[in-house]
Structures are given as C-alpha cells and as structure tokens.
Amino acid sequence: MKSFEYTIKDSLGIHARPAGLLAKTVKALDSEITIKKDGKEVNASKLMAVMGMGIKCGDTVTVTAEGGDEEKSVKLIEEFFEANL
Amino acid sequence: MTRYSGKGVFGAVAIGKISVFTRSDVKVKRVKADDASAELMRLKEAEKKAREQLGRIYEKALKEVGEANAQIFDIHIMMIEDEDYNEAITEMICGQGVNAEYAVAVTGDNFAEMFSSMDDSYMQARAADVKDISNRIIACLSDKGAVSVNIDDKVIICADDLAPSETVSLDKDKVLAFVTAYGSSNSHTAILARTMNIPAIIGVGAEFLSQIKNGDIAVADGYSGELIIDPDAETIAAAEKRQAEDAEKKQLLRKLKGKENITLDGKRVNIYANIESADSIGSVILNDAGGIGLFRSEFLYLESTDYPTEEKQFKVYKRVLESMGGKRVIIRTLDVGADKQVPYFKLEREENPALGLRAVRLCLDRPDIFRTQLRALYRASVYGSLGIMFPMITNLWELEECIELCGKVKAELDADGIAYSDNIELGIMIETPAAALISDKLAPLVDFFSIGTNDLTQYTLACDRQNPRTERFCDTHHEAVMKLIEMTVENAHKHGVWAGICGELAADTSLTEKFLRMGIDELSVSPPFVLKVRDAVRNIDLNK
C-alpha cells in the first residue's frame, strides 16, 4: 500500500471536471485508488461519490493505492493531483 | 406592456415572439415488474441510448461552444456509468421488483438530494446534472427519444430553467434569446448563452411563466436584464436602435479584426484594453486588443470581506497573464482611498478624499498590504508578459520607495526559491500635474508612463468631474492638460521610455490624431472602443 497527502489548490475543490478525469485515469490502473478525508473514504473511480465528499480548496486528503502496480500508480495519481487540483 | 426583470447574462437585445419551453412531461409511475432481468436489460439499453445521445450533444457543443463548455456532457456520460448510481438502481429493480423508470427516478432524486444538501453552491448546482441524466434515461426507457423542441420561427425561449443539454440541443439559429425563471449566472446555461452569443436573462422569478403565452411579442434586453411583454412602439424603437448599434459594432469587428493599428503614412500605435476584472478578458480578446493597458486590481479588494491573500491574487493575475498568451498585461497596484471605501481597510473619513491618503500613498503607508500584492504579481510574472504600474505618483521618492519594495520582494522570493520573470516592466500612472511636470526625473527609473487623463484633468483644472455644476469649467480638451500630456511623452522618449494614455481621452477619436502627432505609443481603452480607435488610426495621415 502506497499513499500520499495532498492539499487541494483548485478554487472549486474537487469539482465535476477533475473528478471525471480522475475517475477515467483511475479506471485504467490495476491498483485500487482511494481518497480519504476526515475518516471518510471513497473509491476514486466513483465519480459521484468523490464529488459527494465535498472536498474544497485547502482541504487535505490522503490518497492511497493498493494492489497491482501501486508504486507506479501512486506516482501517476500524485502527478494528476499536482496538475489538475 | 408588462415588465419582468432578472439578470442579463449576455448583452444583446432580442425582439420577437415568445415560445414557452415545455418538456415532454414524462410521468413516472411505480409499476410492479416481476421479471427483474428484463428490466435490467431495458435499463442497459436505455443507458446506452442516453450515452449515444450525449455523445452527439458533446460533438455539437464542441463545435458551437468549445471544449471547456462541452466537457459537462462528457461528465454526464460518466455519471450514467457511475457505479454507485447503477448499483442503487439495480438494487431497487431486483430488491423491490419495480420498473426501471421508477428505479431511475427515485435514485436520481436521491443523488440530486445528496448534492443539493451540500454546503457548497457549486455542488448544489450539480443536483441539476443528476436530474438531467436521470430524465434522459427515463425518456429513453419510455422510447420518447431525445428531449427536443420544434420551432418554426425565431423565438424567445422562456422556461423555468434549462438543463445544459437542453440549451445545447436547441437549434441555435432559431433562438433569439433565453429567459428563465431560475438559474444563476454561474449555471451552465448562462455560460453557454454567453459563449453562443445569445442574449439571456435569468432569475426572472416563477410567476412570469403563468402570465405569458406562445406568440406574445416581447423584447428581451440582455443588457438590463429586462423582459418586456407587449412592448409599445417607443420601446420597440429603442430596442431596434440598440440592435442597429450592435450590428454596426459587429460589422466594424468583421472589417477591422486582425488588422494593424497603422496610420495611412505607416505609423504604428498599440491599442490595448482597460479592464476591471478577470471576467472581462473574453471581451478583450473578442475586440482584438493588443494587450491589457490597465488592469484595475481594486476589484480583488472590493469584492472581498477581508484582505485578499497572496494566493488568491496570484491565481487571478496568473489567469489574466495566461489568457493573454504572452501579450503585454499592465496591472495597476491597488488604487483605493476614502472615496472608494473598502470596509475592512478601516480608512479614516477624510474631508477631501481626492487629495487624501489614496492609491500609492495608502500602499506606502501600509507596506504589508502592498508587499502581499507585489509578491503575488512577481510570482505570476512567469506566466506572461507583465507590467506593474503604480498610481498617483507625485514625488520622486514615492517611486524610489516602490522600486525598493520590489527589490525586497524579489530578494524574498529568491530566498524562498520561487521563480519570477526577469522581464517585468515597471511603470507609473501620470495623473497628477506634479508627475507630468517632473516626468523628466521620473522617466529614468521606469519602463513606461501611462497617462490617466481622468484624474489628470480633474487635478489640473481643479474640477470634480462628477459635479454637474462645474461641468462647463471642466473642459477635457483644455490646453493645460494637452500641454502636460505632450510634456510627458517628450520626457518619456528622451529616456527611451514608452508612453501611453489609459484614461477616457484615449477613446476620444477627435483627439487621436493630436495624440499620434505628440508621439504617443499606446492608447488603452475599454474593450468596446478598441476597434473604433483602430478605425480612426487607420484613417489618419500624419504627412498631411
């Protein structure tokens, strides 16, 4: 299991567009990606659940990759967060 | 004649017949369905159809409103594919033995409810997206096909609200305007209307729909946000006049867009735009301005309830610089005073605010506020071609202090390992007679001057421009003002500095030739005037 912490910089938080892109990106990976905030946890491939977390600008989330190519996945997703959120 | 008012989201005027938009109302009934696998099969088929429809809408939107606005339909497709959403529907079909329509409707409502109960207005607005996709699936289940309107004539579409997919699905050539009872200026429909150049009025209130009918003649004024039913001859004439002016502007645009700002004898001048907020960039680009000659940073402070953070400012400056794609962007540092009150600044009341602690004086008095803005500007500078401009300079030492502060900010950023551009231009507003008179001393310290003719006129002629009683004493073409402008340009050029005008006189085409003869390098005007000034420049012959 690999994970990283990230503080959201996008002023709208995790809104529809990046959540959609994230779900697409995650579905192409072998490992399972989860996003955790304040004890709540969702699978990053579930668009509506991710949006439903209401993650705002300035919130810090923990992103975890488990299974398959977790090493590679966690790096890729970290880059995704840097670029889109 | 009846008037309804809402909020105009795209400035243009439409005159025409009303068409009340009604959805092919799909009533969903709970029906017992014993064969769950047959219902699941129907659901699958309907979802496939819905996705195909959305794919076509996406393509249409891509062509008409661009990728950024089309993306929402891609997201709709993904929402239809969402695991949790499908699981909930499937569970209802299998567990409760209900028909697919009912399961989709209930699930859609539940998810919409989840969004609308969130404490974030952006997420609340997403409830509409969930309802939109659910209705689409239900329409596909009942084989109604796509929601569509058949319009024969050009009409003003009136609706309670329009889903983004409904807005895009309408035949653009037949829509004169959109008027909706609800909606916010951030809704997709408002954004799409702006992109499609269709006048739109939102938030008119629910009652208007019951008082209008198909075929009513109306004027929809996207400038004022008014919908006027059954207008009298005078109102129609005014609306037609406005349309003619818009048409003239459009024609000017077609004729002059992409053309150079060059006189008949070959002298070039830069024509830039003045803007108040980052939202006006679209209009800057539309009107083909060569850059931004004055970006008033005040709005960042005025619209805020506390000092805007460095991060917030940085984002706005970055966005403006990026949007202008390397073209020059001149950002004026904070220009407020006791006349433009910002409550949290807690400025003391002044007897004479125009002559008081304002603009750069206030910034030098409160260097911490100034420093935050300068840091944000320097950090953003790597994203384009930035000029920083200080307003209301009267003394040489003020400019020296500003430059010193810039040096400190650069040193701080160096220490933090944060990048900034080496090509930032520093300049000042020449808007006091004092600055014009010592422009020979100021020029060696800057890269440019921008003459703010509004304040320069006011301070030179000792006339408040807002006071109607002094109007006849306030001659904006006064020789004294012209002499100060000429002197400023001359002193700028002696020191290899460029000089522009960013006040209202820059758009006064009766003076364009005079300014060009003085050697002015740039005229910065509000976006709708860019092409008018270009037209004037292209008809001037300085050899004559």
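The values are calculated or read from the model by the stated rules, or taken from the named source; none is laboratory data. Here the structure is a predicted model, which means the values were calculated and not measured. Cβ atoms come from the backbone with ideal geometry, glycine included; neighbour counts cover every protein chain shown. The protein model used for the area step is the full one, side chains on, heavy atoms only, and it has no ligands, DNA or RNA in it. Shrake-Rupley method; radii C 1.70, N 1.55, O 1.52, S 1.80 Å.
Go through (1) free of Cβ contacts under 8 Å to residues at least 12 places away in the same chain; (2) open to solvent by less than 60 Å² (accessible area, probe 1.4 Å) one by one and return the number of the condition B:Ser210 breaks.
(2)
Assess whether B:Ile262 counts as being surrounded by 14 or more Cβ atoms within 10 Å (Cβ to Cβ), β-branched (Val, Ile, Thr) and not assigned by TED's automatic domain parsing to the domain that holds B:Ile520. Before you say what the answer is, go through the steps one by one.
Numbers: surrounded by 14 or more Cβ atoms within 10 Å (Cβ to Cβ): yes; β-branched (Val, Ile, Thr): yes; not assigned by TED's automatic domain parsing to the domain that holds B:Ile520: yes.
When the stated conditions are applied, B:Ile262 passes them.
Among the residues of region A:64-85, is there at least one that is touching a residue at least 24 places away in the same chain (Cβ under 8 Å), within 14 Å of chain B (Cβ to nearest Cβ) and open to solvent by less than 50 Å² (accessible area, probe 1.4 Å)?
The answer is yes; a qualifying residue exists.
Which of the residues that make up region B:510-523 are over 26 Å from the mean Cα position of the chain (by Cα) and open to solvent by less than 60 Å² (accessible area, probe 1.4 Å)? I'd like the intermediate steps shown before the answer.
Within region B:510-523, the first condition is being over 26 Å from the mean Cα position of the chain (by Cα), and the residues that meet it are B:510-521.
B:Leu511, B:Thr512, B:Phe515, B:Leu516, B:Met518, B:Gly519, B:Ile520, B:Asp521 - these are the residues of region B:510-523 that are over 26 Å from the mean Cα position of the chain (by Cα) and open to solvent by less than 60 Å² (accessible area, probe 1.4 Å).
B:Thr90 versus (1) within 14 Å of another protein chain (Cβ to nearest Cβ); (2) open to solvent by 20 Å² or more (accessible area, probe 1.4 Å); (3) in contact (Cβ under 8 Å) with a residue 12 or more places away in the chain: which is the lone unmet condition?
(1)
With respect to B:Leu399, is the statement that it is open to solvent by less than 60 Å² (accessible area, probe 1.4 Å), in contact with a strand residue (DSSP E or B) (Cβ under 7 Å, 6 or more places away or on another chain), farther than 25 Å from B:Gly417 by Cβ and not polar (S, T, N, Q) true? Before the answer, list the steps.
Details: open to solvent by less than 60 Å² (accessible area, probe 1.4 Å): yes; in contact with a strand residue (DSSP E or B) (Cβ under 7 Å, 6 or more places away or on another chain): yes; farther than 25 Å from B:Gly417 by Cβ: yes; not polar (S, T, N, Q): yes.
For B:Leu399, the condition - open to solvent by less than 60 Å² (accessible area, probe 1.4 Å), in contact with a strand residue (DSSP E or B) (Cβ under 7 Å, 6 or more places away or on another chain), farther than 25 Å from B:Gly417 by Cβ and not polar (S, T, N, Q) - is met.
Just to be sure, is B:Ala376 crowded, with 21+ Cβ neighbours inside 10 Å, assigned to a helix (DSSP H, G or I) and in contact with a strand residue (DSSP E or B) (Cβ under 9 Å, 6 or more places away or on another chain)?
Values: crowded, with 21+ Cβ neighbours inside 10 Å: yes; assigned to a helix (DSSP H, G or I): yes; in contact with a strand residue (DSSP E or B) (Cβ under 9 Å, 6 or more places away or on another chain): no.
The answer is no for B:Ala376.
Can we say B:Gly293 is of a type outside the set (A, V, I, L, M, F, W, C), surrounded by fewer than 17 Cβ atoms within 10 Å (Cβ to Cβ) and in contact with a strand residue (DSSP E or B) (Cβ under 9 Å, 6 or more places away or on another chain)? Even if it seems obvious, please write down each step before you answer.
Values: of a type outside the set (A, V, I, L, M, F, W, C): yes; surrounded by fewer than 17 Cβ atoms within 10 Å (Cβ to Cβ): no; in contact with a strand residue (DSSP E or B) (Cβ under 9 Å, 6 or more places away or on another chain): yes.
Answer is no for this residue.
Could you check, for region B:524-539, whether at least one of its residues is in a helix (DSSP H, G or I), open to solvent by 40 Å² or more (accessible area, probe 1.4 Å) and modelled with pLDDT of 95 or more?
There is at least one residue in region B:524-539 that is in a helix (DSSP H, G or I), open to solvent by 40 Å² or more (accessible area, probe 1.4 Å) and modelled with pLDDT of 95 or more.
Step by step: first the residues of region B:65-76, then only those that are at the interface with chain A (Cβ under 10 Å from one of its Cβ atoms) and open to solvent by less than 30 Å² (accessible area, probe 1.4 Å), then the one that is farthest from B:Ala103 (Cα to Cα). Which residue is that? First the steps, then the outcome.
Step one: of region B:65-76, the residues at the interface with chain A (Cβ under 10 Å from one of its Cβ atoms) are B:68, B:71-72, B:74-76.
From the residues that got through so far, the ones that are open to solvent by less than 30 Å² (accessible area, probe 1.4 Å) too are B:72, B:75-76.
Working: B:Ile72: 24, B:Ile75: 21, B:His76: 18 Å.
Among them, the one singled out is B:Ile72.
State which residue is nearest to the chain's Cα centre (by Cα) when the search covers only region B:1-54 and only residues that are among the polar types (S, T, N, Q) and crowded, with 16+ Cβ neighbours inside 10 Å. Outline the logic, then answer.
Looking only at region B:1-54, we keep the residues that are among the polar types (S, T, N, Q), and these are B:2, B:5, B:19, B:22, B:24, B:37, B:53.
If we keep only those that are crowded, with 16+ Cβ neighbours inside 10 Å too, we end up with B:5, B:19, B:53.
Numbers: B:Ser5: 21, B:Ser19: 29, B:Gln53: 31 Å.
Here the residue is B:Ser5.
So if I check each of B:Gly205, B:Gly222, which one is surrounded by fewer than 18 Cβ atoms within 10 Å (Cβ to Cβ), of a type in the set (Gly, Ala, Ser) and touching a residue at least 40 places away in the same chain (Cβ under 8 Å)? Can you show your working first?
Details: B:Gly222 fails: surrounded by fewer than 18 Cβ atoms within 10 Å (Cβ to Cβ).
Sole residue among the options that is surrounded by fewer than 18 Cβ atoms within 10 Å (Cβ to Cβ), of a type in the set (Gly, Ala, Ser) and touching a residue at least 40 places away in the same chain (Cβ under 8 Å): B:Gly205.
Can you name the residue in region A:1-53 that is without any contact (Cβ under 8 Å) to a residue 12 or more places away in the chain and away from every other protein chain (no Cβ under 13 Å) and, of all such residues, is surrounded by the fewest Cβ atoms within 10 Å (Cβ to Cβ)?
A:Gly39
Looking only at region B:381-392, decide whether some residue is in a helix (DSSP H, G or I) and open to solvent by 10 Å² or more (accessible area, probe 1.4 Å). I'd like the intermediate steps shown before the answer.
Initially, region B:381-392 is screened for residues in a helix (DSSP H, G or I), giving B:381-383.
Still in the running and open to solvent by 10 Å² or more (accessible area, probe 1.4 Å): B:382-383.
Yes, region B:381-392 has at least one match.
So which of B:Asp82, B:Asp129 ends up being touching a helix residue (DSSP H, G or I) at 6+ places or on another chain (Cβ under 7 Å), in contact (Cβ under 8 Å) with a residue 24 or more places away in the chain and within 14 Å of chain A (Cβ to nearest Cβ)? Talk me through it step by step, then tell me what you get.
Numbers: B:Asp82 fails: in contact (Cβ under 8 Å) with a residue 24 or more places away in the chain.
Exactly one residue qualifies, and that residue is B:Asp129.
State yes or no: is B:Val360 more than 14 Å from B:Leu386 (Cβ to Cβ), open to solvent by less than 40 Å² (accessible area, probe 1.4 Å) and touching a strand residue (DSSP E or B) at 6+ places or on another chain (Cβ under 8 Å)?
Working: more than 14 Å from B:Leu386 (Cβ to Cβ): yes; open to solvent by less than 40 Å² (accessible area, probe 1.4 Å): yes; touching a strand residue (DSSP E or B) at 6+ places or on another chain (Cβ under 8 Å): yes.
So B:Val360 fits the description; yes.
Could you please give the count of residues in region B:93-110 that are open to solvent by 30 Å² or more (accessible area, probe 1.4 Å) and either within 14 Å of chain A (Cβ to nearest Cβ) or modelled with pLDDT of 95 or more (or both)?
2
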